[in-house]
Amino acid sequence: MGSCYVPLARAAVPASSKAGMSDEAARSESPETQALVEEALRSLWAVANSLARIGPPRSDRFRVTIFGSSRVWPGQPLYEDVKLLAGELSRLGCDIVTGGGPGLMQAANEGAVLGDPDDRTRSIGVRIDLSFEQAANPFVEQLYTHQSFFTRLHHFARLSSAFVVVGGGIGTLLETVLVWQLLQVRHAVGVPLVLVGPMWRDLVAWARAHMLAHDPPFANPGDFALPICVPSVADAIEQLRPVLARHRAGAKGA
C-alpha cells in the first residue's frame, strides 16, 4: 500500500446520484429488477477489485489520518489535544486526513490549518453523506464525499501513510478495526496504527485475553502488537517522527 492517492477530480462527489429515486422506491422494485441490480453490482465489484490491485504511486507526501468522535466540542480538553496533535504533525510536513465532519475531525482539520501558515500541507476531509451532518467542517481544504461507508473506508486506506486514533464511538471503532485487519492480513504494510488513550489499550487487552484463550486461538499473538497503544497525543507524535524520517529518506533516494 502506498501513501498517496491521486483523485480523478479534486471537487467533492455530488451528494446525490440516485436520479430522484427514494430508498423506499428502490426497495420496492421487482425481483427481476433486483436481480439485474445484483448482477451489475457484482460486475462493478469485480472492476473495483481489479483496480484496487494497482497501488497508488509513490509520493513525497506523508498523510496522517486522525480518527475520532464527532461528539466533542471546541474548548473541551480532548478537542484541544487533537488540535495540538494535528498542528504539530502539520508543522512537521504531514497532510492531515479526517472524516471531514464536526467534533474531533474538525479539531484535527483546524490544527492542520493552524500548523501550516505557509500552505505547504493539506487539510483533507473524506466525508460520508449523512442527513444529520449537513456539511464539511470549515477547516477542510480538500474534500471528498462518499455515499457508502465501504467506499469511504477503502479511500482512507489508499490515502494514508499512518493512522492515529483518539477517543471515539462505534464509527471510530469500525475504522480502527478495519485498519487493524488490513495490517493483520498484510494488505497494509509499514503503516503505523497508533491508538491514543486507555479505551483503546483496554480494547486491545480485551481482544488479546478472549481471542487467545480459545483452543485453537482466534488470532495470533503477534496480531496484538500491530496497534501501538500510547497514553497521550504527545506520545503519538513521537511514534510517528521516525516513520516520517524514514519516509523522507526513501523519497529522496527514489
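Of note:
- Subset tally (residues that are closer than 11 Å to R63 by Cβ and either of a type in the set (K, R) or in contact with a Ser or Thr (Cβ under 7 Å, 6 or more places away or on another chain) (or both)) for region 99-137: 3
- Filtered residues of region 28-77 (kept if surrounded by 11 or more Cβ atoms within 10 Å (Cβ to Cβ), of a type in the set (D, E, K, R) and either touching a Phe, Trp or Tyr at 6+ places or on another chain (Cβ under 6 Å) or at pLDDT below 80 (or both)): E29, R58, D60
- Of all residues making up region 196-252, the number that are under 24 Å from I96 (Cα atoms) and not polar (S, T, N, Q): 31
- Among residues that are among the small types (G, A, S), at pLDDT 95 or above, surrounded by fewer than 19 Cβ atoms within 10 Å (Cβ to Cβ) and within 16 Å of the chain's Cα centre (by Cα), G190 is not included.
- The residues on offer are A207, A251, A236, and the sole one that is modelled with pLDDT under 95, surrounded by 14 or more Cβ atoms within 10 Å (Cβ to Cβ) and part of a helix (DSSP H, G or I) is A251.
- Residues in region 207-254 that are of a type in the set (D, E, K, R) and within 24 Å of the chain's Cα centre (by Cα): R208, D223, D235, E238, R241, R246, R248.
- Residue within region 212-224 that is modelled with pLDDT under 95, surrounded by fewer than 16 Cβ atoms within 10 Å (Cβ to Cβ) and among the charged types (D, E, K, R) present: no
- Within region 128-142, if we keep just the residues that are of a type outside the set (A, V, I, L, M, F, W, C) and modelled with pLDDT of 95 or more, the residue that is nearest to E88 (Cα to Cα) turns out to be E141.
The values are calculated or read from the model by the stated rules, or taken from the named source; none is laboratory data. Computed from a predicted model, the values in this text were never measured in an experiment. All Cβ positions, glycine included, derive from the backbone under ideal geometry; neighbour counts span all protein chains shown.
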